[in-house]
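Let me begin by presenting the structure, written as C-alpha cells, before commenting on it.
The values are calculated or read from the model by the stated rules, or taken from the named source; none is laboratory data. Given the structure is predicted, the values throughout are model-derived calculations rather than measurements. Cβ atoms come from the backbone with ideal geometry, glycine included; neighbour counts cover every protein chain shown. Just the protein is used for accessible areas: all its heavy atoms, side chains included, with ligands, DNA and RNA removed. Shrake-Rupley method; radii C 1.70, N 1.55, O 1.52, S 1.80 Å.
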Amino acid sequence: MITLMSWNVNGIRAVVKKGFEGFLKEHKPDVLGLQEIKINDAARAQEKFDFAAYNEYWHPAERSGYSGTATLSKLEPISIGRGFSLPGQSTTIGDKEGRLQTFEFDKFYFLNAYFPNANHELTRLGFKEEFNKKFLQHVKKLEKKKPVVACGDFNVAHQEIDLARPKDNIGNPGFTKEERDWADKLVKHGLIDTFRHLHPDKVQYSWWSYRNFVRERNIGWRIDYFFASKELMSCVKKAFILDQVLGSDHCPVGIQLDI
C-alpha cells in the first residue's frame, strides 16, 4: 500500500516551526506534494530542514517568498518535469511561479500542482484559465503513456457541498462559473475526484480563512484534491482529509493506493 498526500503549507519555514517534522513521523506519507512553499533556493540554503528518509524535489517561484511547490518522496522517480515540461526534459516550460511538478513512477505519473487564485475582483481569473487549459493538455499527453494522479491546491470548490456557504460565494474567487465549469471539464475528461467518489455525501473541508475564527466554526472550503485516471480507481482504497492537523490555513489530504 502506498500513501500519497498533499498539503498547502502556506510557507515551509512557518510550518516547520509548527511541528511539520512530527507530522511526517506520525503519518509517514510515501510521497508528499507541498504547495505555497514561499522559499527560493538561496533562502533554503540558509535553513536546516531535516526531512529524514525523504528525497527532496524543490520548484520555487522566480519571485522570492511567493508560491512554489516541493515534493518529498520515499519512492525514487524514473524522471521529473518542472512546469509544463514532460518528465525527463531539462527545461522548465511556462511556470515562473513554480506551480507544477510531474514525477514519473513505475505505474503512474504523480502531479503536484498549486493552481492560481483568481484573486479578489477576479484580477487573475484569465491567468488561471490559461493555467487550467495548459494543465489539462499536460495531463492528456501524460495519459498516452500511463495513468495520472494529480494532487494539490486547485483553488476551486467544485460543487456546493464543497464549501460551507455556497449561496454567499457565488461568483467569488474559487467559486466562479468559469472555475467550476473547468472542474466539470476535468471530470468529463476522465479524472476522478477520489474523495468525492468514495465519500459522495461527506461534508469535510481542507481550507479555512484565518479571519473570525472560521476554522473553529468549520466554515471552510474543500479546494485541495486528489484526482486520478479512471484506470487507477480500482487501486484507490482510501481517500481522506486530515482536518485536525494544524500548521497552515489548509490541512493535508491524501489517498492510499494498492498498486
Test each condition in (1) open to solvent by 20 Å² or more (accessible area, probe 1.4 Å); (2) not in a strand (DSSP E or B) for residue 192 and report the one that comes out false.
(2)
Any idea which of (1) assigned to a helix (DSSP H, G or I); (2) in contact with a Pro (Cβ under 7 Å, 6 or more places away or on another chain) is the one residue 155 doesn't satisfy?
(1)
So how many residues does the range 11-36 have that are charged (D, E, K, R), at positive phi and either within 14 Å of the chain's Cα centre (by Cα) or open to solvent by less than 40 Å² (accessible area, probe 1.4 Å) (or both)?
1
Kindly list, by first and then second residue, each pair from a residue in the range 82-104 that is more than 21 Å from residue 72 (Cβ to Cβ) to a residue that is acidic (Asp, Glu), limited to pairs with Cβ atoms under 6 Å and residues at least 6 apart or on different chains.
96/62
Looking only at the range 87-111, count how many residues are of a type in the set (Gly, Ala, Ser) and over 19 Å from the mean Cα position of the chain (by Cα).
2
Hits in the range 126-152 - residues which are in contact with a Phe, Trp or Tyr (Cβ under 7 Å, 6 or more places away or on another chain), in a helix (DSSP H, G or I) and farther than 18 Å from residue 181 by Cβ:
138, 142
Within the range 233-241, is even one residue outside any strand (DSSP E or B), over 21 Å from residue 37 (Cβ atoms) and touching a residue at least 24 places away in the same chain (Cβ under 8 Å)?
yes
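To keep it simple, each residue is scored yes or no on (1) part of a helix (DSSP H, G or I); (2) open to solvent by 40 Å² or more (accessible area, probe 1.4 Å); (3) modelled with pLDDT of 95 or more.
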| residue | (1), (2), (3) |
| --- | --- |
| 6 | no, no, yes |
| 38 | no, yes, yes |
| 42 | yes, yes, no |
| 51 | no, no, no |
| 76 | no, yes, yes |
| 88 | no, yes, no |
| 103 | no, no, yes |
Among the residues of the range 118-125, is any assigned to a strand (DSSP E or B) and small (Gly, Ala, Ser)?
no
Can you confirm whether residue 67 is at pLDDT 95 or above and more than 14 Å from residue 248 (Cβ to Cβ)?
yes
